[in-house]
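J.: Structure incoming, see below.
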Amino acid sequence: MKTECLTKIYNRGESGEVVAVRDVSLEITSGDFLVVTGPSGSGKTTLLSLLGLLTRPTRGRIFLNEEEVSSYSDAWQTRMRKEKMGFIFQQHNLLPQFLVWENVSLPLLCRDAGFSERKRIALEILHKLGLGSRSDFKLAQLSLGEQQRVAIARALVTDPEIVLADEPTASVDVETAAQILDMFRGLKRSSKTVVVVSHDPAIVREGNITINLRNGLVSESRRL
């Protein structure tokens, strides 16, 4: 994945215009672990949304496998997200009317997987994350940390090439944060491309690329 002069402006041309991301150029190769840091309001989540093709840039370009994709149709970008990407949202975005395993299996519907296959794959990933015994629970029966792990399981259930996460350890206890960190280490070992917005020093240490955003600009960057 590569970006060139990526810029996102909200309320463009109006009195409340906000430049959320300004001229960000990155090169992220397969297996890279990019950590995005910076103060609140610096554009971190907007950058994550741009990289995940959830938001279109005002200016600049995004490349996947050397192919410029930022101007492609909504339908094409939706297909790319379904096939190549997994998202871990800060607010979880789980569906309370469904059981835990049903929440995890939802992305598999986009791949036309049958009921038995969806449940089998969902249970496998839940067991890996220590939630096998919670598979038939409703979300209201889980702690916030367990809900976060369900959200992570949902992001990983399709074995995506690219994983994007927004503050994955922000609202969990120390034990759950350690489990989430172990999961990210596993992604590194399997050569997944990972982009994480985080202030957690433990996650920052895992990154081989770190960038700091301030007022939408990359103020500093580091590659190991």
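The values are calculated or read from the model by the stated rules, or taken from the named source; none is laboratory data. Predicted model, so just to flag it, every value in this text is computed and none were measured. Neighbour counts run over all protein chains shown; Cβ positions are idealised from the backbone, glycine included.
J.: What's the number of the only condition in (1) in contact with a Phe, Trp or Tyr (Cβ under 7 Å, 6 or more places away or on another chain); (2) closer than 29 Å to Asp112 by Cβ; (3) surrounded by 21 or more Cβ atoms within 10 Å (Cβ to Cβ) that Val195 fails to meet?
T.: If we test Val195 against (1) in contact with a Phe, Trp or Tyr (Cβ under 7 Å, 6 or more places away or on another chain); (2) closer than 29 Å to Asp112 by Cβ; (3) surrounded by 21 or more Cβ atoms within 10 Å (Cβ to Cβ), just (1) comes out false.
J.: Against the definition (outside any helix (DSSP H, G or I), free of Cβ contacts under 8 Å to residues at least 24 places away in the same chain, more than 30 Å from Val172 (Cβ to Cβ) and not β-branched (Val, Ile, Thr)), how does Gly13 come out, yes or no?
T.: So Gly13 fits the description; yes.
J.: Right, another one. Looking at the stretch 95-127 only, could you name the residues that are touching a residue at least 24 places away in the same chain (Cβ under 8 Å) and within 29 Å of Gly31 (Cβ to Cβ)?
T.: The answer is Asn103, Val104, Ser105, Leu106, Pro107, Leu108, Cys110, Arg111, Ile121, Ala122, Ile125, Leu126.
J.: Here's another thing I want to ask about it. When the residues of the stretch 109-125 are narrowed to those that are of a type outside the set (D, E, K, R) and more than 20 Å from Gln77 (Cβ to Cβ), which ends up surrounded by the most Cβ atoms within 10 Å (Cβ to Cβ)?
T.: Among those that are of a type outside the set (D, E, K, R) and more than 20 Å from Gln77 (Cβ to Cβ), it is Ala122.
J.: Just give me the residues in the stretch 119-150 being of a type in the set (A, V, I, L, M), closer than 19 Å to Gln90 by Cβ and at pLDDT 90 or above, in sequence order. Reasoning before the result, please.
T.: Taking the stretch 119-150 as the starting set, the residues that turn out to be of a type in the set (A, V, I, L, M) are 121-123, 125-126, 129, 131, 139-140, 142, 144, 150.
Cutting the leftovers down to closer than 19 Å to Gln90 by Cβ gives us 129, 139, 142, 144, 150.
Those that are of a type in the set (A, V, I, L, M), closer than 19 Å to Gln90 by Cβ and at pLDDT 90 or above: Leu139, Leu142, Val150.
J.: Sticking with this structure for a sec: Exactly one of (1) modelled with pLDDT under 95; (2) closer than 15 Å to Gln90 by Cβ is unmet by Leu164. Its number?
T.: The single condition Leu164 does not satisfy is (1).
J.: Can you tell me which of (1) in contact (Cβ under 8 Å) with a residue 40 or more places away in the chain; (2) farther than 17 Å from Ala165 by Cβ is the one Asp32 doesn't meet?
T.: Answer for Asp32: the failing condition is (2).
J.: Scan the stretch 16-51 residue by residue and report those that are assigned to a strand (DSSP E or B), among the acidic types (Asp, Glu) and under 18 Å from the mean Cα position of the chain (by Cα). Full working, then the answer.
T.: Here is the first cut: in the stretch 16-51, the residues assigned to a strand (DSSP E or B) are 18-27, 33-37.
This time we only want the ones that are among the acidic types (Asp, Glu), so: 23, 27.
Within the stretch 16-51, Glu27 is the sole residue that qualifies.
J.: Return yes when Leu94 is surrounded by 14 or more Cβ atoms within 10 Å (Cβ to Cβ) and aliphatic (A, V, I, L, M) and no when it is not.
T.: yes
J.: Oh, and also: Considering only residues of the stretch 16-29 that are in contact (Cβ under 8 Å) with a residue 40 or more places away in the chain and within 23 Å of Arg185 (Cα to Cα), which is surrounded by the most Cβ atoms within 10 Å (Cβ to Cβ)?
T.: Checked the stretch 16-29; the qualifying residue surrounded by the most Cβ atoms within 10 Å (Cβ to Cβ) is Leu26.
J.: Moving to a separate point now. Step by step: first the residues of the stretch 1-57, then only those that are among the acidic types (Asp, Glu) and over 21 Å from Thr193 (Cα atoms), then the one that is modelled with the lowest pLDDT. Which residue is that?
T.: Ranking the candidates gives Glu14 first.
J.: While we're on this one: Could you tell me which residue of the stretch 85-118 is farthest from Thr158 (Cα to Cα), considering only residues that are at pLDDT 90 or above and touching a strand residue (DSSP E or B) at 6+ places or on another chain (Cβ under 6 Å)?
T.: The qualifying residue farthest from Thr158 (Cα to Cα) is Ile88.
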